Structure formats: C-alpha cells, structure tokens
Amino acid sequence: MQIQMLGTGSAFAKSFYNTSALIRCNEMNILIDCGFTTPKSLHDIHIQPDKIDGIIISHIHADHVGGLEEIAFRMLYEYKNKKTRLFLTKSIASILWENTLKGGMYNPADGYNSLEDYFEVILIEENVPVEIIPGLFIEFISTLHIPYKPSYSLFINHRTFYSADARFDENLLTQEVIGKRNCHTILHDCQLSGHGFIHATLEELLTLPNHIQKRVYLMHYDDIMRNFIGKTGCMTFIHQHEIIEIPE
Ligand SMILES: [Zn+2]
Ligand SMILES: [Zn+2]
C-alpha cells in the first residue's frame with residue numbers, strides 16, 4: 001500500500017495544495033478528503049475523477065470538501081452519471097449536504113435533492129475498523145478540531161494514524177496511537193507558528209519523545225514551511241505529491 005500526498009498545505013496556504021492524500025491499494029485509489037484545490041492536484045498527476053474508487057471525508061471545512069462539487073458534476077456530465085463512493089460517518093453526511101454542498105448542487109427539477117443523488121454514500125460507524133475495499137481497513141475516531149464540529153482522524157490498516165485537522169492530544173498519541181496500537185506511521189497536521197487553537201502546533205508536537213517523533217510526517221502546514229526545515233526535531237515534513245510506502 002502507498003500513500004501519495006495530493007497536497008500538504010494549510011487552509012490558507014498558497015504554495016501548497018490543500019492537505020489531502022491518495023491511498024493506492026490493490027490497484028484502487030481512495031482519497032482522504034477533497035479540498036477546493038484537490039481536483040487540480042489530481043489533474044497534475046493525471047488521475048481523472050473516474051479513476052477514484054472512493055473518498056473518505058474527515059470534516060467539512062472547504063479545504064477538505066471544497067472539491068466534491070466538481071468531482072460529482074464531472075462524474076455526472078463527463079462520465080455518464082457514474083457515482084463516486086463517499087465514506088463518512090452519519091454525523092458528517094447530514095451536515096455535508098445541508099450546510100455545504102446543497103447550495104451549489106440542489107437541483108430538484110432534475111431530481112438531484114440529496115447527497116445520495118450524487119454519490120454512493122457509505123456510512124461508517126465510529127471506532128470500528130471497516131474494510132472499505134479489499135485490503136484497506138479504515139477506522140474513524142472522533143478528534144477535537146473545533147468544538148461542536150464533528151471531525152475524524154483515521155487509522156489506516158490499524159497501524160497508520162492520519163490526523164484530520166486536530167488539536168494536539170498527547171494522550172491519544174502516546175497511549176492509543178503508540179502505546180496500544182504501536183503505529184509505525186503518523187501523519188499529523190502541524191501549525192508552524194502562533195497559538196494552537198484548532199491545530200496541533202509544531203511546538204506541541206516537539207514535546208513528544210523522539211521515538212514517537214521518528215514516526216511522524218508533518219502535513220497541513222503554512223507557506224513559511226521552508227523556514228522550519230531542520231527545526232522539526234526527529235519529525236519530517238511530507239511534501240506534495242510525495243509517495244510513501246506503508247508497511248504491512
Ligand atoms: Zn484543514
Ligand atoms: Zn479543518
């Protein structure tokens with residue numbers, strides 16, 4: 001299994017695409033999130049919408065779901081009404097349609113009134129690993145980003161942790177991600193400067209012991225990233241379009 005980063009930028013980054021990843025597993029392509037710049041990033045690596053076998057949604061900020069309208073419309077008009085699978089929790093599904101997509105996509109005259117009219121919606125229960133395609137288990141766990149806004153981090157095949165946008169959670173990382181599951185790979189969002197209201201900051205992540213830091217790739221960073229090369233302890237920045245191999 002491989003993970004290719006489609007983007008590694010923060011919501012406001014201009015040098016990097018929105019943080020999103022492509023999981024390649026058994027010849028299938030699964031996206032994690034689809035922000036407003038993700039269709040362009042997919043275009044850069046010559047992946048057309050009909051080659052995407054499903055999209056996992058972590059939360060409904062535009063840098064994570066802003067590209068869904070384009071994907072759905074292109075599937076409808078360019079690929080003869082094919083639907084992309086969406087993997088998400090029930091709490092995300094309702095707000096994704098009502099609060100985000102409905103404005104641009106509601107079209108009752110043609111019978112398009114719901115998320116299911118555009119996507120094959122597959123609801124995933126929290127805290128349960130589910131084999132979404134052969135060989136790929138995804139587990140959604142609720143993590144804190146903004147109070148009262150549902151947001152989910154992921155365990156990928158049990159031993160890779162992918163933070164959605166999440167505040168620093170030392171207990172989760174030390175006890176669950178490492179202590180209980182011994183994850184070999186951690187992809188974590190990282191705010192490089194300022195106080196961490198809604199994201200883990202570099203300063204906070206640097207408090208992790210080295211044996212954990214060694215497993216951490218930093219993503220969801222600002223345009224000033226280059227100023228921080230060499231200042232991330234044992235953690236490394238992952239780059240846009242970089243591919244990493246995920247061990248079994
Ligand atoms: Zn974000
Ligand atoms: Zn967010």
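See the values below:
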quantity: In sequence order, calculated HN-Hα J values of the range 20-37 (Karplus, 6.51, -1.76, 1.60; Hz; x Gly/Pro); calculated: 6, 9, 10, 8, 10, 8, 6, 6, 10, 10, 10, 8, 9, 6, 8, x, 5, 9
quantity: Estimated FRET transfer efficiency (Asp110, Phe137; beta-carbon r; R0 51 Å; 0.05); calculated: 0.85
quantity: Estimated FRET transfer efficiency when R0 is 35 angstrom, pair Asn99-Lys180 (beta carbons, to 0.05); calculated: 0.55
quantity: Cα→Cβ-extended label distance, 7 Å offset, between Glu170 and His46, nm; calculated: 4.9
quantity: ³J(HN,Hα) computed for each position of the range 233-245 - Karplus, 6.51 cos²θ - 1.76 cosθ + 1.60, integer Hz, glycine/proline x; calculated: x, 8, 8, 10, 6, 9, 10, 4, 6, 5, 10, 10, 8
quantity: Loop-located chymotrypsin sites (Phe, Trp or Tyr not before Pro) in the range 189-239 whose Cβ has at most 14 other Cβ within 10 Å (DSSP); calculated: Phe197
quantity: Net charge, Thr37 excluded, C-beta distance under 14 Å - Lys, Arg +1, Asp, Glu -1; calculated: -4
quantity: For the chain, built as a Gaussian network whose Cα springs stay under 10 Å, the top-fluctuating residue of Ala21, Ala109, Ala72; calculated: Ala109
quantity: In the range 92-186, the chymotrypsin sites (Phe, Trp or Tyr not before Pro) that fall in loop regions by DSSP, at most 15 other Cβ within 10 Å; calculated: Tyr106, Tyr148
quantity: Near-label residues of the range 190-229 by backbone N, under 12 Å of a point 7 Å along Cα→Cβ of Ile146; calculated: 198-199
quantity: ³J(HN,Hα) computed for each position of the range 96-112 - Karplus, 6.51 cos²θ - 1.76 cosθ + 1.60, integer Hz, glycine/proline x; calculated: 4, 6, 5, 9, 10, 7, 4, x, x, 10, 5, 8, x, 4, 9, x, 10
quantity: Peptides ranked, highest mean first, by Cβ atoms within 10 Å: ranges 206-212, 89-95; calculated: 89-95, 206-212
quantity: Length-normalised contact order of the chain in % [C-alpha pairs under 8 Å, at least 6 apart]; calculated: 18
quantity: Accessible surface, the chain, averaged per residue in Å² (probe 1.4 Å); calculated: 45
quantity: Label-point separation in nm, Lys83 to Thr236, each point 7 Å along Cα→Cβ; calculated: 4.1
quantity: The range 1-107: relative contact order as a whole-number percent, Cα under 8 Å and 6+ apart; calculated: 21
quantity: Amide hydrogen neighbours beyond the local backbone of Thr84, cut-off 5 Å, H modeled; calculated: Glu120
quantity: Residues whose placed amide H lies under 5 Å from that of Ile56, excluding near-sequence neighbours; calculated: Leu31, Ile32, Asp33, Phe87
quantity: Cα shape, the range 110-157, gyration tensor, a/c 1.5 rule; calculated: oblate
quantity: Computed label-point distance, nm, for sites Glu125 and Arg226 using a 7 Å Cα→Cβ extension; calculated: 5.0
quantity: Heavy-atom accessible surface of the range 92-225: percent carbon and sulfur, 1.4 Å; calculated: 50
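The values are calculated or read from the model by the stated rules, or taken from the named source; none is laboratory data. Just so we're clear, the structure is a prediction, and the values are computed from it rather than from any experiment. Counting neighbours? That spans all protein chains shown, and the Cβs are built from the backbone with ideal geometry, glycine included. We work out accessible area using only protein heavy atoms, side chains counted, and drop any ligands, DNA or RNA first. Shrake-Rupley method; radii C 1.70, N 1.55, O 1.52, S 1.80 Å.
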